Structure formats: C-alpha cells, structure tokens
Amino acid sequence: MPKLIKNGEIVNDTYVWSQDPEETPTTNSIIAAQKWLADKDTLETKVAGIWIEAGDGVDFLEGIDVNQFDMIGVHFPAFADGRGFSYARLLRERHGFKGDIRALGQFIPDQLGYLLRVGFSSFQFNENVDLEKALLLHKPFSVAYQGDVADPRPLFLRR
Amino acid sequence: MYQYDAIDQQLVSERVAQFRDQTRRYLNKELSEQEFLPLRLQNGLYVQRYAPMLRIAIPYGMLSSTQLRKLADISCRYDRSYGHFSTRQNLQLNWPKIEDVPDILAELADVEMHAVQTSGNCIRNTTTDQYAGVISDEVVDPRPYCELIRQWSTFHPEFAFLPRKFKIAVNATDSADRAATQVHDIGLHIKKNEAGDIGFKVIVGGGLGRTPMVGVTISDFIPRADLLTYLDAIIRVYNQHGRRDNKYKARIKILVKALGIEEFRYRVDAEWAHLRGKESTVPMSEFERLQSFFSEPDYASLENNPDSLTAKLSESVGFARWYERNTFEHKKPGYRIVTLTLKKAGQAPGDATAEQMQKAADLADRFSFSELRVSHEQNLVLADVRQDQLVDLWEAAKESGFATPTLGLLTDMICCPGGDFCALANAKSIPIAAQIQETFNDLDYLYDLGNIDLNISGCMNACGHHHVGNIGILGVDKKGEEFYQISIGGASGHDASIGKILGPSFAQEDISSVIQKLMNVYVEYRYEDERFIDTYRRVGITPFKEAAYAKAN
C-alpha cells in the first residue's frame, strides 16, 4: 500500500486518487472535482472525496456541503505553481472544511512548512521522495509573523 | 531604526539553519538543480554569468553604520572587496561561493540582516523614499508602515510561489515620488483623509520589464488598520488568476490590464469583504510599537544657515555646487540631508568598495547619528547632518569619492550590472555609463542642462529602469553584437510615464554622440529653466528623432 505523510506521521494511504475520468469510482475514490460536479446527481456510490486541479479555483463549492467529503485533494502540476496554497486556505477559512486536505502532485518537501500553515494535513509525495527525510522538514520555523489556518492571529496580537 | 526582538532574531536564525540544510542537500545532490532554484532565489542567491550573486536586503533602505561595516567586512572575506547597491535598496555581492552563503547569512543575522525574499516569485523587499522621516512635507514617516509590510510579507505562507515577483513601494509626500511607486506591482501613497485618519491610496499593476506600464489607482483610501487585509485580498486574487503559462505575461500588471481595473477591483473587493475586520486588522498598539523605533534622534537646537556655511558657500564654487546638488532641505532648522554619490567617473554606478563602505560608516558615525539610507538612484544618504558640519563632511566625502556634485544630473545614472556580470543581459551597461561619464565631464555644462534622469539596462528585464529614464538606454543583441536602443520621455515620479523609443538601435561607440545630439535639441528648444522632460513633453519626439538620425553633411 502506498505511503504518505499525514498529521506528522508516515501512514498507509487508504484512498485511491483517481486521475482517469473513465474509471468507475468506489467509496475509496478521490475523484476530480470537475467530474464530481458533472456526475454528482448520478453517482452510484458516495466517494471519499474530490481533488481540485490548479485553475479550478474553489468558488464552485459555494452552496455545497464540503463536509460530506472525508478528504479534498489539491493538485500541484508543478511545485512553483502556488495556486494550491490559496485553495487550501480558502477551503478551511471560507468553506469551513474540517476533513483532510491532501497535497497531490509535484510539490516538494521543502514546501511543507508553508503547506501546513495554509491548512494541508496530508501529503502524497512523488514516489522518489524519501518520506523519513521529508518529515524532518515539517516545521522550519517555530514562530510566524502572519496568522494562518492553525492560529489566525498575526504576531502583533501575540507579541 | 527598527531593532529586532528575540522573535525577529529567532526567525532569521531559523532561516539560516533552513538554508544551510538546503545548501548541504543541494551540494550532496539530494536536491535537484530545479528544486534548489526557487529555494536559493528566496534567499537572494542567483547563479550569474561567472559566479553566484547574493542580493542582501536593506529593508526600505535603512542601514546602521554597524551593518554597513559588516557588509564591507563580508565583501572582503567572501567576495572581491566591493558591493553593488541596486535600485531597490539592496546590496549585491557578485562573487561569493555557493558553499559560503550559509555562513554569510549567519553573519548577516548577527547584525539583524538577511537576504530573505530578495529574489524569486514572492513578495520582495519593500522600498520607500530615502528621505523618509526627515523632510517637512510628508504626511507621516512611512518607515513604520514599511516595517509592518516587511513583517507581513516575510515567510507569508500563502504567497511564496506567486506567478512572478511582487514589489511594493511606499511614498508619503505629494512633493515627490522618490521610490518610483507607480512602476511597482503595488504602490502605496500615505494620505490623511478629511477626518485626519491615516490611510493609503493604492496603485496596482505598474511595472517595467518587457511590457512597461504605469500603475492604476485601485483605491483612493484604505484606512491603515485595513492595509494588510487589503494587500492579502489583492495578492490572493493575483495568486489564483495571474498567468502562469508565460513568465513574460505573469506580472500582476498583465492581469490588471486583461481584466480591466473595474473587474480587478470588483474581485479584490469581493475577496476583501471576507477578510476586512478579521484578525489581520492592525491595532493601534502595533502602529505605536512600530513608530517607537523611528522616533527622532537627539537633534540639537540650531539655526539655519550658520556663518561657517554661508561663508564657505560664497568663497568656494566647488562647495557651493556640492551643496546645491547633493544636499537637501531637512525638516529641522540647522540640519541638512546629504547624499554621498556612488557615481564617481571610473566606477560603476552604485558600486562601492569595501573601503568606501567603511568610510561611509565612519562618516555616518561622525556626522549623522550612525545611520545611513540607500536610495533608488543607487546612492547613500546621511539624513541628519548639522549645517555647521557640512564643510567638514564635504572635505571627508571628497577624499572617499562620495562628493561628485552631480546628483540628479545627466551623469547621476541608474545602471544595472549588465553583461559584465549578469547572465540575463543582452549587452554590457557599465561601459556605456563610463563612456557617458567621460564625455559629459564639464560640470558647468551639466549644471546648465539641469535635472535629467538617464537610466541604462542591459536587457528587457529593465533592472536599470530604462523605461522611466528621461533618457533610457537598453542593450539589445543583434546577431551576436551589442547594440543600444534609446528612448526618451520616461519619468518615475508622480508624473510617471514610459519613454518612447527613438528608432533603430545604435552601436556602442555612438551612444555619447547621440546623447549629445539630444542635448543640443533640448538646449535649442527649451524655454528658460525648463527641464528636459518638460521640453520633450511640449515639443514631442520629432526634433529629437531627426537630430539623432540626421546624416552627417
């Protein structure tokens, strides 16, 4: 079973990240948000979650109960493509998503500190990433100037 | 100036440790070239034509003499004993070794300095007026607000991987815009409204590069408490919608232009509606805390124009020239703002040797409360000099090559490092600056020509701000040969404008003679005391163009 980092530990991945739109979803599937939107009234099984492609934005979730999903994935087509940082934060702060937000795709371990601060909780790295080493990069800074998803108060309210 | 507390210090120390580990993993080949690239850029480290280049932040241009001495010392031990002050109030070292950079950053952290976010697609060093806090006509001192922005932008978790770099500049006076705010991604003009509340006029979408644009006003007044939530809203819209498919179309100016300012403003306001009034709203206590670092130094009670000054002004033409050009009115009677120019003939504009840095630090200790500023025009400034000590300072500045009395004149050029150093450059820029300095060496003539901004960039990235020079020179590559395109009519102040290209580019050896022809047209057409830029705006480009391309008889 593939491994990933979740809540600061290396764990087994219990979901299936479905990237093929032709694949039939199961209760373990994380399917593309656009596919879910198109098929949601006819889906035979309740999927575990959806994943958002860079460029999708999160406005399409307006009026949808996001907490029906166990997990929402955010895909990074390249690690320098930072749209997903805003998406995760909006999922937490605007849409009130309580479940697991998973980073998918080409992000790198050195981004973990920022990813955690904007609300990501699990990380499905590329296969070639050494997860033990990645774990060491979890928390590069012990303080922060800005508020974030964990603590919305900027330093000036805590100083 | 701002002093770190234990938290600020801890953050820069942790950054050094993080970068030390990243560098180690890169040198071990655990991190690929491609992965290391944005990580090193966010620590100011470029790989240049011959060697790496390290860009050290000088937040909003403020520098203590201790810090400047440290920079001099670092340049001696890790580089070739000089540095280059850039247009965005940074210092660049051109020859450090990659493996030494973590140690350099550690030494910088010892004097409350860093290279955080001086490069990369993130929020860069915030810049402001080099005369901040010492001129009489500013709304308020902009530096506490710059420090607020510095802290907010430092390691901002959401905005470290933007579509492209993001630059913010702050101005606080209607009388001038010395920070070129209108050609920044965001320009902030500090204002007081009718109720006497402090806030910001916000200008967005300015920038240079391949598609130069003057910014447009997105809001006439954002109360200061709301500044950070408003900036978050703008950059969140940009982060999600700015183009990522083409790096030359990725700056916020392209997004603003594509959407139109109305639609862009609508989206920002919609985002801001969710953020306004939330935790990032800045409380009065924080403004007071930040302002407390920029309280006035212990000024003596003095009169303007002491006898020693007026006597020297009447007896020494050299001193009078320097006083007229290189010093500026101070808000306190008996004081003067002095610019130490880094534009000596024979030295690249903005370059300072380690010895000059040490000398400048000594002058700051002796004459100006041990503080200096770095200006957008690549000079150093002593902000608080007693008028009765100006003669002593002038003598000392002359010895160190800081007293070339040409501030604001044709030869006070802005110039990027160009093809001598930079891997991006199409052409060299320093030899062009040298040629112009050699040709236009008659001070009487330069004074007669008056204020002219001449800016030189070695490529379209426009680090030398050629688009907003009254005269702009751009290096271009024509089939492997270096040529130079000349534009006129640019300006970077409150009357910001983008220059127009004269026509086909010129060979390197012809640049000075073309500039001479442009000056001849100006002198012929100008009304009494009319600046070059005003004559150009009145008569248009045609006579300049005709003169530049006229065939010799």
Peptides B:410-422, B:21-33, B:212-224, B:328-340 ordered by average Cβ neighbours within 10 Å, highest first | B:410-422, B:328-340, B:212-224, B:21-33
Hydrodynamic calc, the range B:49-117: Kirkwood Rh from Cα pairs, then Stokes-Einstein at 25 °C with viscosity 0.890 mPa s, so D in µm² s⁻¹ is 206 µm²/s
Unit Cα scatterers, Debye sum, the protein assembly as shown: log10 I(q)/I(0) for q = 0.05, 0.06 Å⁻¹ = -0.26, -0.37
With the contact rule set at Cα under 8 Å and sequence spacing of 6 or more, what percent relative contact order holds for chain B?
-> 13 percent
Towards the positive end of the charge dipole of the protein assembly as shown, with charges on Cβ (+1 Lys, Arg; -1 Asp, Glu), say which of A:ALA78, B:VAL385, B:VAL237 has the farthest Cα.
-> A:ALA78
Percent antiparallel among DSSP beta bridges confined to the protein assembly as shown, rounded to 5, stands at 65 percent
All aspartates and glutamates inside 17 Å of A:LYS3 as judged from Cα atoms, apart from same-chain residues fewer than 8 positions distant | A:ASP13, A:ASP100, A:GLU127, A:ASP130, A:GLU132
Count, for each residue of A:142-153, the Cβ atoms from other chains sitting within 10 Å of its Cβ, then give me the mean as a whole number.
-> 5
Phi-derived 3J(HN,Hα) across the range B:466-475 with the Karplus relation (6.51, -1.76, 1.60, θ = phi - 60°), rounded Hz, x for Gly and Pro, is 4, 4, 10, x, 4, 10, x, 10, 10, x
Check each of the chymotrypsin sites (Phe, Trp or Tyr not before Pro) in the range B:468-553 and keep only those in coil by DSSP with at most 15 other C-beta atoms within 10 angstrom; list them in order.
-> B:TYR527
In chain B the cysteines whose Cβ sits 4.7 Å or more from every other Cys Cβ are B:CYS76, B:CYS122, B:CYS146, B:CYS415, B:CYS422, B:CYS459
Please give the average number of partner chain Cβ atoms lying within 10 Å of the Cβ of each residue in A:74-86, rounded to a whole number.
-> 5
Proximal aspartates and glutamates relative to A:LYS46, as straight alpha-carbon distance under 12 Å, when same-chain residues fewer than 8 apart are discounted = A:ASP70
Using the structure shown, select from B:LYS70/B:LYS344; A:LYS98/B:LYS257; B:LYS201/B:LYS331; B:LYS312/B:LYS359; B:LYS359/B:LYS517 the pairs with a Cα to Cα distance greater than 29 angstrom.
-> A:LYS98/B:LYS257; B:LYS359/B:LYS517
Do any trypsin sites (Lys or Arg not before Pro) in the range B:451-515 lie in a DSSP loop with no more than 12 other beta carbon atoms within 10 Å, and if so, which?
-> B:LYS479
Which value, in debye to the nearest 20, describes the size of the charge dipole of chain A about its Cα centre when Lys and Arg Cβ atoms bear +1, Asp and Glu Cβ atoms bear -1, and nothing else is charged?
-> 920 debye
On a C-alpha basis, how far is the centre of the range B:1-57 from the centre of the range A:63-139 in Å? Whole number, if you could?
-> 24 Å
What is the magnitude of the charge dipole of the range B:143-197 about its Cα centre, with +1 placed on the Cβ of each Lys and Arg, -1 on the Cβ of each Asp and Glu, and no other charges, expressed in debye to the nearest 20?
-> 260 debye
How many angstrom separate the Cα center of the range B:499-546 from the Cα center of the range B:205-268?
-> 34 Å
Trypsin sites (Lys or Arg not before Pro) restricted to the range A:4-70 and DSSP loop, no more than 14 other C-beta within 10 Å | A:LYS40, A:LYS46
In Hz, Karplus ³J(HN,Hα) per residue of the range B:503-509 (6.51, -1.76, 1.60; θ = phi - 60°; x = Gly, Pro) | x, x, 6, 10, 6, 3, 5
Within the set of other residues whose C-beta is less than 12 Å from the C-beta of B:GLU107, count the net charge using Lys and Arg as +1 and Asp and Glu as -1.
-> -2
Size of electric dipole in the range B:6-110: Cβ of Lys, Arg +1 and of Asp, Glu -1, about Cα centre, debye, nearest 20 = 320 debye
Within straight-line cross-link reach of B:LYS478, lysines at Cα separation under 17 Å, skipping those fewer than 8 residues along the same chain | B:LYS428
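Read-outs: derived from the displayed coordinates by stated rules, not from any lab. Since this is a predicted model, take the numbers as computed values, not measurements. Glycine gets a Cβ as well: all are built from the backbone with ideal geometry, and neighbour counts include every protein chain shown.
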